[in-house]
Amino acid sequence: MLQKLLRRRPLHVKLTPTVGKIYAHLFQNRLTGLDRNLFWNLRIELEPLGWDGGNGIAPSRSSG
């Protein structure tokens, strides 16, 4: 359904962030030889997307 919608007309969407979270995890495993390191995770939640009066899709972007 979404593919048909995208073929009919260009998609112009304004992405509006609502919440952002940054997590850091300090990890080390001496048994495997993994040195202590800091691992990051970033998550940004966005306002729901909707078109033609339909129900919105709640998008988010994560990176880790």
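Just so you know, all these numbers are worked out from the coordinates, no wet-lab data involved. In this text, all values refer to a predicted model and were calculated from it rather than measured experimentally. Using ideal geometry, Cβ is built from the backbone for each residue, glycine included, and neighbour counts are taken over all protein chains shown.
Phi angles of region 17-25 translate, via the Karplus equation with coefficients 6.51, -1.76, 1.60 and θ = phi - 60°, into HN-Hα couplings of x, 10, 9, x, 9, 10, 10, 10, 10 Hz per residue; Gly and Pro are given as x.
Figure the gain on full extension for T18 and N37 (residue separation times 0.36 nm, minus the Cα-Cα span) and round it to one decimal in nm.
Details: separation 19, 0.36 × 19 = 6.84 nm, distance 2.99 nm.
Stretched out fully, the T18 to N37 stretch lengthens by 3.9 nm.
Remark on E47: its backbone amide H falls under 5 Å from those of T16, T18, a criterion applied only to residues 5 or more positions apart or on other chains, H modelled at 1.01 Å from N. Peptides 25-32, 40-47 ranked from most to least packed, by the mean per-residue count of other Cβ atoms within 10 Å: 40-47, 25-32.
With a simple spin-label model that places each label point 7 Å from the Cα along the Cα-to-Cβ direction, the separation between L26 and I44 comes to 2.8 nm.
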